[in-house]
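Take a look at the structure below.
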Amino acid sequence: MNDNHNAGQRGITLIEACITLAVLATVAASAAPGMRGLIDARRLAGAATQLGYDLQFARGAAIARNQRVRFSVQTSVAGSCYVIHTGAAGQCDCHRGDGPAVCGSDAQELRTVRLSSADRVAMQSNVASILFDPLHGTSTPTGTLRLVGADGREVRQIVNVLGRVRACSPQGSVPGYRAC
């Protein structure tokens, strides 16, 4: 008797499928922590790029508008935010709602950015507000703004008296940034 019943069988058995799924689940579980670190690093780098751009935007807006422009930082338990605005320090609040900052009567919001705790990036600053002068683009006072990732790595944006911004990372811990 010739048994050709198994000779033409195609596909995989249930046991083979289960083994394949188990191997894939193990590989995915071992890769997940590395992926979280990679995602956190990209979030930190993205936030640092945005912050550097926005500091330059504030300086350029002061010169272009021939009007003093402020870069104001606010932090709370829910996260941090900053608002680029005209008017006096403290006239704009970026913690209210999800839209633009709420500003007092003679202040105008130009840009608002929020970093929530879900972003896994926190912002700290040694100044509450930096004023950019329209005549020369200078800043008063100088300031250091720190973006700290969930893993403790940080990027600093340092604004000097000339209004220029430079970025660095302590001990060069974030790739692409020189060491502070």
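The values are calculated or read from the model by the stated rules, or taken from the named source; none is laboratory data. Note that the structure is a prediction, hence the values are computed from the model and not measured. Using ideal geometry, Cβ is built from the backbone for each residue, glycine included, and neighbour counts are taken over all protein chains shown. For the accessible areas, the whole protein counts, side chains as well, though only heavy atoms, and no ligand, DNA or RNA atoms are used. Shrake-Rupley method; radii C 1.70, N 1.55, O 1.52, S 1.80 Å.
Annotations
- log₁₀ of I(q)/I(0) at q = 0.26, 0.29 Å⁻¹ - region 84-140, Debye sum with one point per alpha carbon: -1.18, -1.26
- Once the 1.4 Å probe is applied to the protein heavy atoms, the chain comes out at 59 Å² accessible per residue.
- Relative to the longest principal axis of the Cα atoms of the chain, the long axis of helix 14-65 makes an angle of roughly 10 degrees.
- Between region 63-111 and region 133-166, the Cα center-to-center distance that results, in Å: 17 Å
- When the solvent-accessible area of region 131-180 is split by element, carbon and sulfur atoms take up 53 percent of it, the probe being 1.4 Å.
- Normalising the Debye intensity of the chain to I(0), with uniform scatterers on Cα atoms only, and taking log10 at q = 0.17 Å⁻¹ returns -1.04.
- Among 159, 23, 83, the largest mean-square fluctuation in a Gaussian network model of the chain (Cα springs under 10 Å) belongs to 23.
- Cysteines not pairable in the chain (beta carbon separation under 4.7 Å absent): 18
- Taken about its Cα centre, the chain carries a charge dipole of roughly 620 debye when the Cβ of each Lys and Arg holds +1 and the Cβ of each Asp and Glu holds -1.
- Length available on full extension from residue 126 to residue 18: 0.36 nm per residue minus the Cα-Cα distance, which gives 33.3 nm.
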